Each structure stands twice: as C-alpha cells, then as structure tokens.
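Student: Pasting in a structure now, in structure tokens, and then I'll have a few things to ask.
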Protein chains: 2
Amino acid sequence: MFSKSTEYALRATIYIAQKSSENCKLGIKAISDATDSPPHFTAKILQVLTRNNKIISSVRGPNGGFYMTEEAKSLPVRSVLDVMEEDSVLERCVLGLNKCSEAKPCPMHSQYKLIKQQLITLFETKTIMDLASDIRDGEAFINND
Amino acid sequence: MFSKSTEYALRATIYIAQKSSENCKLGIKAISDATDSPPHFTAKILQVLTRNNKIISSVRGPNGGFYMTEEAKSLPVRSVLDVMEEDSVLERCVLGLNKCSEAKPCPMHSQYKLIKQQLITLFETKTIMDLASDIRDGEAFINND
DNA sequence: ATAATTAAAGATATTTTTATCTTTAATTAT
DNA sequence: ATAATTAAAGATAAAAATATCTTTAATTAT
C-alpha cells in the first residue's frame, strides 16, 4: 500500500510518540532498532518529518534526540502521509487513470471509492497518540526489550 | 495502491475483455493507445499475462494479436493481481511489519483488516467481464474513438 | 574554551521499477 | 516458397526508490 519510506515514517512516528516526551528524547539508533528500520535511511526520513517541527521535534548534542510534543502526538495519522507526500494513495484512481472522476468514472470507481473513503476516515480520525497507546505487550510493534 | 505495471495490466486486461474475442484480436498499438499506456512496456506486461494463456491469449502473424476467451473473461479481477505478483498488497501489514499477525497485531491491525477484507472481496468477486461490461460512454475508461 | 555527542546536510551507491529498442520466431496471405 | 505481419524474447537505458557513508553544525557537559 505505502512505500517503504512511508512505512518507516509511520513506525518511527508511532514509536517516538509512545516513548518520548519533551524531557526524554530518543536517538536514531534506538528508533531504528525498535522499528526494524535501516538507521541511516530512517535518519533521512526523520529529517523530513522534523522540518518545521510539524510532527517530530529534535535537538542536537548530548542528551539530544527526537521527541514529540503532546500537541504533535494528537495529530491525525494522515499528517504523516501528507508530509511523506503519499496522501495521493488515498485519492488516486485504482487503475491509475488521471481522468477518472465522479463524472467520468473508471469501471472500478464506484465500488472502490467506498473503500477509499474508509481508508481516508481511518487515517484522518485516528491520531498518532491513539496508535501509540494501542500498543500492548506482545504486539508486533515494537522490539520491546 | 498498485504499481504502474499492475495498473497497466488491469487496464489492458479490461480493454481486451471488452473489445476482443477469439475471432477479433487486438494489436499492441490499439491496446496501449486505448489504455494510455507506453506501448513497449505494455507489450512486456502482456507477455506475462499471456503465459500459459491463463488470462490473455495471443497469436502471432497477420491478423494476430491479443484476445481473451469467454472463460478467461469470467476470471476474478484478482487473478490479474496474482499473475502480476501484487496480490501481496491485499495481504500485507499497513506498517510493513512481517511479524504483524492476529496474535501479534500492529497498532493499525484490527481497523485496517476490515478494510483489507473489503478490498479482497471486491477483487475476488468482481470478474474481469463485470468491469469490461460496466464501461459506458463517457467513462474515463477508455480512449473510445 | 574544549571535547564529546548528537542530528542535519550533502554526497554517493545500490537496487528496483519503468521504459525503450533490437532481434527472433511464429503465422498468414500471396 | 516468399514476403509481410505480428507477438516473444532479449538487451539496454533511464528514472525512481532505497540505502549508506562522510562531513558539518548545533548543543551540552566538563
């Protein structure tokens, strides 16, 4: 469904939301280990998510690292997709037709739009915090050591 | 949602289902034009869909081209995804976690699986013919000249 | 002030996907 | 038989996605 970049972005964001706070920051190594993601690539992705502190915040230097504010944690999951420029997955025609629209629907349009709408609703109503706090012992997420 | 290869595959298949028959075959040019797809790349994709005549059939030489049998037209749309090896999109974890499962769900698992199930049902119950015969004048599909 | 720590930024490499081009093989019509 | 037509197969190219490495800049603790 999503690119690896976006999968890593979602996983890192959920992990940071779960484990960090303004006075408890996480290093790139801890994040990439916990989310089973390549560290350097994850670092690149976090650079994007950190732009303007919209979703993730960071500080450099000793005791620095990545963290999220409570305000950011309450953002919808969709905001991660938006920053990763992959929100188009939620909007595009299944058959990839640019001209597909309500007026000129492709043959999958009417059925697919019902499903797409549920995806949009899911990503827009669930907050990052919702997901982070859903994590229980034994869940696939995360490498809890 | 799907790769371009799969989008082209779906579009070509639907078009061939709609326009061809055992005694009316379509050339690669006609297909790629109608479906807004790059001709050479589409040819490569049709080679795959034609293997073993599972979905699409072809004959070479004058008056040759691509066509589908009525039997093939009644296959579920999912069979195209299977041949394109993109059925995994319908099965994978949204967050890309291999270990995500019913027993060890990721934080999106329970909500996402409901949507995924609808996608699977859609692609398994709709036949290629269903889509082809859905096409009406003015629909985005196809370049009807 | 200095050294240590950490993320940011930039450069490079690898892999995968997408796309095109050329040659070959099959079929048909003449 | 021969030439024309068409898809199959193979080779190559270009672009995008994924991944890593190196250098720089900011921050903190000493």
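Student: Per residue of B:98-108, how many C-beta atoms from partner chains lie within 10 Å of its own C-beta, taken as a mean?
Tutor: Partner Cβ neighbours, averaged per residue: 6.
Student: Give the residues of segment B:25-51 whose amide nitrogen is closer than 15 Å to a point set 7 Å from the Cα of residue B:59 in the direction of its Cβ.
Tutor: B:25-27
Student: List the accessible area buried at the contact between A and B, summed over both sides and calculated with a 1.4 Å probe, in Å² to the nearest 100.
Tutor: 3500 Å²
Student: Hey, any idea what % of chain A's accessible area is carbon plus sulfur with a 1.4 Å probe?
Tutor: Its accessible area is 49 percent carbon and sulfur atoms.
Student: Taking H placed 1.01 Å from N in the peptide plane, check which residues at least 5 places from residue A:21 or on another chain put their amide H under 5 Å from its amide H.
Tutor: The list, which skips near neighbours in sequence, is A:68.
Student: On to the next question. For residue A:73, which aspartates and glutamates qualify as cross-link partners when the Cα separation must be under 17 Å and same-chain residues fewer than eight apart are set aside?
Tutor: Straight-distance partners of residue A:73: A:22, A:82, A:124, A:130, A:134.
Student: Return the inverse of the average 1/r over all pairs of distinct C-alpha atoms in chain B, which is the Kirkwood hydrodynamic radius, in Å to one decimal.
Tutor: Over chain B, the inverse of the mean reciprocal pair distance is 16.3 Å.
Student: Per-residue Cβ counts within 10 Å, from other chains only, averaged over B:86-92: what number is that?
Tutor: 1
Student: What distance in nm lies between label points placed 7 Å from Cα along the C-beta direction at residue A:70 and residue A:41?
Tutor: It is 3.6 nm.
Student: Take every residue in peptide A:114-123, count the Cβ atoms of other chains within 10 Å of its Cβ, and give the average of those counts.
Tutor: 4
Student: To continue, here is another question. Relative contact order for segment A:4-134: what percent, with Cα pairs under 8 Å and sequence separation of 6 or more?
Tutor: Averaging sequence separation for qualifying contacts and normalising by length gives 29 percent for segment A:4-134.
Student: Quick one: which of A:104/B:113; A:19/A:113; A:126/B:116; A:4/B:126; B:4/B:99 span more than 26 angstrom between C-alpha atoms?
Tutor: A:104/B:113; A:19/A:113; A:4/B:126; B:4/B:99
Student: Then there's this: Just to confirm, what accessible area per residue do you get for segment B:7-145 at 1.4 Å probe, in whole Å²?
Tutor: 49 Å²
The values are calculated or read from the model by the stated rules, or taken from the named source; none is laboratory data. Note that the structure is a prediction, hence the values are computed from the model and not measured. All Cβ positions, glycine included, derive from the backbone under ideal geometry; neighbour counts span all protein chains shown. Remember, those area values only see protein heavy atoms, side chains included, never the ligands or the DNA or RNA. Shrake-Rupley method; radii C 1.70, N 1.55, O 1.52, S 1.80 Å.
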